[in-house]
Every structure is written in structure tokens, then in C-alpha cells.
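Notes follow the structure.
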Amino acid sequence: MERAEGSSIRIGALVPLTRPGWVEAGRHLLAGLDLGVREVNDAGGIAGRPLELVVRDTAADPQRAAAAVDELAGLGVAALAGEYHSVVARAAAARADALGLPFLCSSAVLDALTEQPTDWVARLAPAQSHGWRIYADFLLASGHRRIAVAAQPSVYWAAGTRILRDHLTPRGGTVIELDAQALAPEAVCDELAGNGATALLLLVGHPEPAVPIVKSVRADRRLAGIMIGAPAGQPEFAEWAALLGGDGAAIPFLRYLPERLGPLGARVEAALRERLGETPSFVAFEGYDTIAVLAEVLRSHGTDRARVAASWPRVAVEGTRGRIRFSRTPGISVRQWTWTPVQVVDRDPAEPDRFRILHTGGGQPPAAG
């Protein structure tokens with residue numbers, strides 16, 4: 001294939017690469033972004049010009065992300081891509097909106113990604129309200145009516161608690177809040193032993209305090225029958241299994257993949273596996289799909305920022321997990337792909353490196369061919 005030549009088209013990439021950011025998620029996101037850029041350039045680039053990824057580490061810090069947006073805008077990037085943490089993505093989206101810089105958010109799910117509706121920001125990941133309602137349906141279908149949530153203070157965790165309560169309460173469920181900031185893991189166990197909950201959801205950071213809470217609950221004989229859940233996806237990554245071993249299995253979480261990948265997804269999965277040296281998470285696919293969308297937009301509409309942002313409603317791109325189109329969705333402030341496939345999965349206790357699909361909802365199948 002012809003290699004791209006000429007002056008590069010820059011895309012700013014926001015990725016958590018150091019603590020307290022979720023470094024493993026950042027590594028997978030960057031692997032997908034990098035693979036997408038490499039494939040575009042191997043195919044001749046954008047009208048003969050190569051894509052160049054200008055990466056900035058957000059380290060899960062909203063102020064650092066906002067400063068990075070300012071810097072990247074000054075460097076002349078055509079668009080922004082990436083970010084995993086919702087609160088960080090919200091800061092980046094607000095700054096991008098203020099500067100008139102297109103931002104395709106790869107992974108963050110917070111519904112209110114901006115305070116007011118904006119035409120500058122689009123998102124691939126499903127809104128939190130969509131995915132977490134599917135998770136709530138899974139809980140009900142599994143027979144759970146009294147559900148405890150161990151939550152840390154955060155806009156994201158508070159939104160998750162509210163979504164769960166609003167969906168579960170009218171359907172006969174009860175949500176019991178435990179303050180994971182104030183309660184030690186052993187105290188969380190004491191609360192669970194006394195409140196009759198049959199499920200504990202971890203609305204907390206990883207590895208602290210998620211891992212100590214799991215170890216304490218698993219070791220407490222009073223709680224042998226309780227299900228631990230992690231809708232935010234903490235068990236997705238290999239570090240979870242490495243830290244917890246068998247204790248980290250049978251903890252259902254949300255994952256944004258179809259039951260079966262189509263030809264594009266299967267090819268990308270193989271390439272990502274080679275890059276990462278492990279099974280790629282859905283976050284790596286989000287990174288790849290982000291570049292697929294931006295490359296098509298740049299080919300069709302050029303590098304002018306206003307034209308890039310104006311193109312979101314006209315996007316129709318075959319991604320690794322289905323056909324990607326953006327629309328206005330009630331209650332969501334940005335252009336949204338409705339929807340990527342959603343699964344509830346867990347790690348198989350008999351084989352913790354294998355995932356079991358427990359429940360599916362939303363989304364669309366990948367294209368055949």
C-alpha cells in the first residue's frame with residue numbers, strides 16, 4: 001500500500017497513562033487509537049497526508065485534561081479523541097466546547113458530558129443511563145431486590161446510584177447506600193450482614209478500595225450467598241484477576257461488545273491482541289472505532305474544525321462493533337451513538353481468564369460479510 005506523505009493531520013488524544021488514572025484502561029484505549037492511525041496511514045492517509053496522534057496523559061485529573069485541551073488546540077489539532085474517566089472527559093468536553101474544537105469521546109459514559117447541549121462533542125460509548133439500566137434489569141432477572149451500593153463521592157458514582165434507584169424502585173427493588181469513603185472494608189461487611197442485601201455493587205475506584213472490599217466480603221462467612229457486582233467494569237482488565245485470583249471471578253460487569261464480532265472486529269481483535277500481548281478489552285475497540293470515525297469525517301469534510309463538528313449527524317461508519325451513527329438523544333447533551341452493544345459478563349470461576357455472557361441489551365449486530 002502507498003504510505004502517507006506530506007504534512008500531517010494532527011489528532012489530540014486524551015488518555016489516562018499514570019496513576020491515579022486507570023492505567024490499564026488507558027493502555028488499551030491508546031492501543032486502539034494507535035492501531036487505527038497506523039492502518040489509515042498504511043492505506044495512504046487522508047488525501048495523501050498522514051494522521052499524527054498527539055497524546056497527552058490526563059492521569060484522571062480534570063484540570064490537567066482541560067489544560068491539555070488548551071495546549072492541543074494551540075498545536076493545531078483537527079479534533080480531540082479519547083478519554084476513559086467520565087469526570088475527566090466532562091472537563092475536556094467543556095473546554096473543547098468553549099474553544100470550538102471537535103471532540104469524539106471514546107469511552108466516558110456520564111450522560112451530562114456537558115452542562116448544555118453542544119454540537120462540538122460526539123460520543124461512542126453508551127450513556128451511563130442506558131448501560132446501567134440494562135445492568136439493573138440483569139439484577140432483577142437474577143432475583144435481586146435488595147441491593148447495596150458501596151460508593152465513593154463522585155459525580156459519576158452518584159449518577160450511577162441514581163440511575164439504579166430510579167430503575168429498580170418502581171420494579172420492587174431497594175437500593176441501600178453504603179459510604180465506601182467512611183467505611184473500612186470490614187465495616188462494609190458488617191453493614192451487609194445486617195441489612196439483608198443479596199447483592200453488593202462496587203461503585204468505587206480500582207484497585208483501591210475495590211480489591212480490599214472484594215477480599216473482605218469473600219472471606220466473611222456471613223456473606224457467602226451475596227453477589228458482588230461492578231457495573232463500571234473493574235473486572236474487565238487482567239490486573240483485576242492478577243490481584244484477586246479466584247475471588248475476582250463471578251463479579252458481573254458491563255462490557256460494550258457484541259456476542260460475536262464481524263469480520264472487521266475479528267481482524268482488529270487479532271491485531272490488538274498482538275499489540276497488547278493479551279485479550280483486548282472493549283476499551284481498545286472504542287479507541288480503534290474513534291479513529292475510524294474521525295478518518296472518514298476528515299476524508300469527507302476536510303480538517304476545518306467547524307466542518308468536522310457539523311458532520312457528526314451525517315456520520316455512517318462501519319465500526320468493529322456495528323454501524324456507527326450519531327443522533328440527538330433525550331437527556332444527553334452530546335451527539336450519541338445509539339447504541340453500541342451492551343453485555344453483562346463475569347469471569348468464569350472455573351477459568352478466571354474466560355468471560356461468561358450473562359445478559360445482553362441494546363446495540364446492534366456487527367455487519368455480516
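Would you mind finding the one in ALA238, ALA266, ALA249 that is in contact with a helix residue (DSSP H, G or I) (Cβ under 9 Å, 6 or more places away or on another chain) and open to solvent by 30 Å² or more (accessible area, probe 1.4 Å)?
ALA238
For region 179-204, name all the residues that are touching a strand residue (DSSP E or B) at 6+ places or on another chain (Cβ under 9 Å), outside any helix (DSSP H, G or I) and open to solvent by 10 Å² or more (accessible area, probe 1.4 Å).
Matches in region 179-204: ASP179, ALA180, GLN181, LEU183, GLY196, ALA197, THR198.
Being surrounded by 23 or more Cβ atoms within 10 Å (Cβ to Cβ) and touching a Gly at 6+ places or on another chain (Cβ under 6 Å) narrows it down to one residue among ILE291, ILE213; which is it? Steps first, answer last, please.
Details: ILE213 fails: touching a Gly at 6+ places or on another chain (Cβ under 6 Å).
Exactly one of ILE291, ILE213 is surrounded by 23 or more Cβ atoms within 10 Å (Cβ to Cβ) and touching a Gly at 6+ places or on another chain (Cβ under 6 Å), namely ILE291.
Restricting region 130-172 to residues that are of a type in the set (Val, Ile, Thr) and open to solvent by 50 Å² or more (accessible area, probe 1.4 Å), which is nearest to VAL88 (Cα to Cα)?
Across region 130-172, the extreme among qualifying residues is VAL155.
I need the full set of residues from region 210-232 which are in contact (Cβ under 8 Å) with a residue 24 or more places away in the chain and over 17 Å from GLY194 (Cβ atoms), in order please.
Selection gives ALA210, VAL211, PRO212, VAL214, LYS215, ARG218, MET227, ILE228, GLY229, ALA230, PRO231, ALA232.
The values are calculated or read from the model by the stated rules, or taken from the named source; none is laboratory data. Every value quoted in this text rests on a predicted model; they were computed, and no experiment measured them. No Cβ is skipped: glycine too gets one built from the backbone with ideal geometry, and neighbour counts run over all protein chains shown. With ligands, DNA and RNA removed, areas are computed over all heavy atoms of the protein, side chains included. Shrake-Rupley method; radii C 1.70, N 1.55, O 1.52, S 1.80 Å.
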